[in-house]
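Shown next, in structure tokens, is the structure this report addresses.
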């Protein structure tokens, strides 16, 4: 597992516990935002067997990709890298309809990652498949800076928790693969057939500590270095974060890893329009709310040279989840103000409308100032 805090080349896997949560749209537009800021970024479609990142980027499925690279054809890795029309953004297509790529083996996965690590770039975003397939988990565990995308609905939250639990269990089995007693203990847990039969990470670590205290200490250090973040997508209201807090509490209680929130994206009709037109949201509607929220998340990543660590000012809020809620309330206020202004413009005289608009703008400016103060310290402090 690469620790991105110590690397100038940051690998950010992006996954989800279930499909249909907007993961690929977010991956594409985060990549565009990072490139637009002047940082060389590579987007990699690793949703093998269901690759469609090219569609979101507006690129035709006619170029060789990962499927060709691993199928034995004489292609170098550099030959499957495409320069896109977007500033500083490069793209590596996925399966490109090559059969059999959904079930690639460990050697093939390692070959892909080894080649990615040779790339001279600032950011590598891996758009992974949904669910807990072995390939998806291994690519997610290739870096400690993974992002999980969920919507504020119970099935999505439970699937996200399940994904993290499976990822951590797989990480533990890899850590102790050569330590016979611990490996056999972990293998015995996998044979349990009852629902939720695998104990929490904390209880697993207690048993490992009984067998080998030093090994347990090492495992705890590795788990603490694993720092996934959540993006809440398709939200309707800041109150939607209430259900997400239950996920945070579950992770803190049972999984023994740090867990942060990168931000929230409200449901926006422009997203559907961008998919229909096969144009990235940041190109089609850069001023829409969803574009601004995605750009803000990219800015958080950029402001932290030690990402996935974020330089949060915790004297002002409890954690990154509370910060996301503050941002969401600001976004809602700004949106509501714009809609209200439009209605009032039709009903009021010009003088009355100007008075109301001035008062609303004052409130928005106060909120905006608060967000600027709270979101992150300036670059000079990072």
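The values are calculated or read from the model by the stated rules, or taken from the named source; none is laboratory data. Just so we're clear, the structure is a prediction, and the values are computed from it rather than from any experiment. All Cβ positions, even for glycine, are placed from backbone atoms using ideal geometry, and neighbour counts span all protein chains on display.
Numbers for the structure displayed
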| item | result |
| --- | --- |
| Residue ID - farthest from the chain's Cα centre (by Cα), chosen from residues in the stretch 15-43 that are part of a loop (DSSP other than H, G, I, E, B) and more than 16 Å from residue 234 (Cβ to Cβ) | 38 |
| Meets criteria (buried (at least 21 other Cβ atoms within 10 Å of the Cβ), farther than 17 Å from residue 130 by Cβ and at pLDDT 95 or above) for residue 219 | no |
| Output for the stretch 131-152, where each listed residue is assigned to a loop (DSSP other than H, G, I, E, B) and either modelled with pLDDT of 95 or more or outside the structural domain of residue 306 (by TED's automatic domain parsing) (or both) | 141, 142, 144, 145, 146, 151, 152 |
| Odd one out for residue 113 among (1) surrounded by 22 or more Cβ atoms within 10 Å (Cβ to Cβ); (2) without any contact (Cβ under 8 Å) to a residue 60 or more places away in the chain; (3) within 20 Å of the chain's Cα centre (by Cα) | (1) |
| Residue 67 being closer than 24 Å to residue 133 by Cα, touching a helix residue (DSSP H, G or I) at 6+ places or on another chain (Cβ under 8 Å) and at pLDDT below 90 | no |
| Yes/no for residue 230 being over 26 Å from the mean Cα position of the chain (by Cα) and either without any contact (Cβ under 8 Å) to a residue 40 or more places away in the chain or not in a loop (DSSP other than H, G, I, E, B) (or both) | no |
| Qualifying residue in the stretch 143-153 (condition: closer than 24 Å to residue 252 by Cβ, out of contact with any strand residue (DSSP E or B) (no Cβ under 8 Å at 6 or more places or on another chain) and surrounded by fewer than 19 Cβ atoms within 10 Å (Cβ to Cβ)) | yes |
| Subset of the stretch 173-186 that is under 27 Å from residue 230 (Cβ atoms) and touching a helix residue (DSSP H, G or I) at 6+ places or on another chain (Cβ under 6 Å) - its residue that is surrounded by the fewest Cβ atoms within 10 Å (Cβ to Cβ) | 173 |
| Single residue of the stretch 256-274 satisfying the filter (more than 23 Å from residue 301 (Cβ to Cβ) and touching a helix residue (DSSP H, G or I) at 6+ places or on another chain (Cβ under 7 Å)) that is surrounded by the fewest Cβ atoms within 10 Å (Cβ to Cβ) | 273 |
| Qualifying positions in the stretch 57-78 - out of contact with any strand residue (DSSP E or B) (no Cβ under 9 Å at 6 or more places or on another chain) and surrounded by 13 or more Cβ atoms within 10 Å (Cβ to Cβ) | 58, 61, 64, 67, 68, 70, 71, 75 |
